[in-house]
1. For a 19 Å ceiling on Cα separation, which of these pairs sit above it: K305/K375; K417/K742; K394/K420?
2. If packing is taken as the average count of other Cβ atoms within 10 Å, what order do 379-389, 234-244 fall into, highest mean first?
3. So what does T654 come to for accessible area, using a 1.4 Å probe and Å² rounded to 10?
4. Would you check the accessible area of H226, probe 1.4 Å, heavy atoms only, in square angstrom rounded to 10?
5. Strictly over 24 Å apart at the Cα level, which of K704/K736; K668/K750; K297/K564; K472/K556 would you flag in this model?
6. What is the chain's relative contact order, in percent, from Cα pairs under 8 angstrom and six or more apart in sequence?
7. Just to confirm the number: angle between the C-alpha axis of helix 100-109 and the first principal axis of the chain, 0 to 90 degrees, nearest 10?
8. Counting Lys and Arg as +1 and Asp and Glu as -1, each charge on the Cβ, what is the dipole of the stretch 467-553 about the Cα centre in debye, to the nearest 20?
Amino acid sequence: MKKTMRNIFCSLILLNIAWMGSADESALKNPDGSWKWTNRLIHETSPYLLLHAHNPVEWYPWSDEALERAKKENKPIFLSVGYSTCYWCHVMERKVFSNPEIAEQMNKNFINIKIDREERPDLDEIYMTATQLLMQRGGWPNSVFLTPDLKPFFAGTYFPPTDMPNRPGFPTILTAVHEAWVTREAEVIDSANRITQVIEGAISTGFSALTAKSLERSLISAAVAHLKTNYKHAYGGFSDAPKFPSPANLEFLLKEYERTSDESLMRMVTRTLDMMAYGGIYDQIGGGFHRYSVDAKWLVPHFEKMLYDNAQLAKIYLQAFQLTKKPQYRRIAEEIFGFIFREMTAPEGGFYSALDAETDAEEGKYYVWTADEVKNALPQKDFQQFTSVYGVDKGPNFEGKNVLYVPNAAESEASLKSLKSARETLLAARFERERPLLDTKIIVSWNGLMIDALAYGYEVLGEEQYLTAASKAAQFILNTLRKPNGELWHTYTAGVTKYDAYLDDYAFFTHGLIGLHSATEEERWLREATTLTDKMIQLFWDDKNGGFYFTKADAKQLIVRTKKPHDSAIPSGNAVAVNNLLMLEPNYRNYAKKTLLSFSQAMEVTPSSFMHMLYALNGYLSLGENRDMPTQRSKQELDGLTQSLVTATAKVKTLTTDKQFDVEIQVKIAAGWHINANPAGQGNLIPTTLTVAKDAPVEIFEVKYPKGKSVQFGFSTESLNVYEKTFTIPLKLKRKANAPIKKNVSIILKLNYQACNETECLLPQTLDIPLKLQ
């Protein structure tokens, strides 16, 4: 392999091809405005592939037709992998693939295949692994040369249209690869075979035999230590530039905080969430997070917006709100959902996949502002405050323009409310600009993440619109992307379903269904989750080594069958599957245990790649500990347990003219537990009561506790009145005398209760329930 690579690079050095610049779009059209070229990608539905449908390159999608032609003509394959929000993918499309001279060279000597990595994550993983092995780096666009047997032998990422200092242009690469194939075909094939063997080893490295390592809490402790070591105290997060949100790290830390009450973990999470929320990585005008920041301060983002980022982060901010009651975390989650409803929701009910980073070939153009643009859009009374709060008065921070951010976060949170109208004005002005490309693929796995986030949003905040959207999306997938045999499709675009679903689709969508069941207790969602879990086990389970494969056993044209267990921007399908298995019936737990054992060694060696698996391991270990110690829990364990056993939401049903509020509290109790009713039935029992915080501008003047269920337990000869499952408490609030109620003010209602099961009662608890009055 080294000799072949050396020969290729020697060819690169010896050849010095001068090449003209790329053609612009006008050069691709006839005088009447029609396209000069149209290739096979015109029949695809992927917005990314359709961007290349009028290249002079004779593109094929990944298909039998293309692969058979490569074998028949004995030509190498040029495989180009990208996605719709990839900036350098667009640059290569404009400067390289739109150039007729370069296209002629490609068409003459290669079979050219273009794939959307979001449609084919299986191929993306295999050939990105090849690029990383060959080049010691990777990225998109991923440019890989394959033998007709689909084995890689040369790879790179972006290639420019002409030679540059220390960087060959794409025509030079094409010439060198063609020369190697024509003059040294046997040597190239031998190298490709060896590269493929290395890929197989790299993809399976670190996976354990089922008896290799026990599942111990030391794995969790080591992961916590790893995150503490890599945590960046100045701005939060776990890396320097570029800086990614890493929601799996944050969710893992929140889980461990709930178990241990280690405040240092909570500080790591909240510092990160605060810096992200006030930074430029967050769209301060329209809500929602961009993909990552290019600096260490979360200031200047790479401007693409992904459904999966915003689903995971909305849930993280809600979890942080539940634990801290900080209103800014609720605000961020609500704004994310508002963005999703406004710009990423299909009429059918599913959620689109992404918004591009660039407009008119200029990254961030849609999102950035000059001071004059802000001044011309806003009333004078708002301009000065807005520029101060959002950092415009500090001067441009991105190519002569401003990425909006909140430089003085702690002092500015209150000001953000008064600037709501100004933000809406700028959002309306932004809508007048040319918008970035919207990738309208509906991907089952990513939709599962958003369904779960919205269901959790309803569970925490009680907003009906979140439940409605989650339910509609789930039903759309069940109705439209499920085959007659019960299997799922992977994508839906423009009325067309495509590609067999992958492990992630089953695991993530099932997780969303479990979330819907948790939020509503509707049995239909649990039935569907169980059915899909059974199908997932049937299609993907590895009977020999445990864990789940990423593709079905009958998947065609893959040189390796992988398990894809590492977290990326999304959790691994194996990790999400473990979480699901632990939340379903006990008979599934052996699959969960075997999956954890399969990756236990990898979790120990590279915890940063397995954070969601470690999150699942934490849940698995906690189940075992609770079984082993049913009556001797610490106070911290008792507090954490009872907080998860009883949840509640509050909402205003009606508002009368004299400032009286009709409110409904919905309380949910975990299965197998109950709380005492009001009245409880015995004088020595603590009844459930509702109060309002003393500093609230309102007071309770009527509350109607529902009638409890009469139950007799083995420890008592008398019946007790209890509340189980889900129930509502209606109450009336009135404004206190001389207490003004500000717009959008939230108050805290307090639910006082004691949770019990048939064998034990936990300590009395008070649950804070936020309520937005207006």
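1. Flagged as over cut-off: K305/K375; K394/K420.
2. Result, highest mean Cβ count within 10 Å first: 234-244, 379-389.
3. Around 70 Å² of this residue is reachable by solvent.
4. H226 has an accessible surface of roughly 60 Å² with all protein chains in place.
5. Numbers: K704/K736 20 Å; K668/K750 15 Å; K297/K564 31 Å; K472/K556 33 Å.
Beyond 24 Å: K297/K564; K472/K556.
6. Normalised by residue count, the contact order of the chain is 10 percent.
7. Result, in degrees: 80.
8. Around 260 debye, computed over the stretch 467-553.
The values are calculated or read from the model by the stated rules, or taken from the named source; none is laboratory data. Note that the structure is a prediction, hence the values are computed from the model and not measured. Positions of Cβ are generated from backbone atoms using ideal geometry, with glycine treated the same way; all protein chains shown enter the neighbour counts. Protein only, heavy atoms only, side chains kept; ligands, DNA and RNA dropped before computing areas. Shrake-Rupley method; radii C 1.70, N 1.55, O 1.52, S 1.80 Å.
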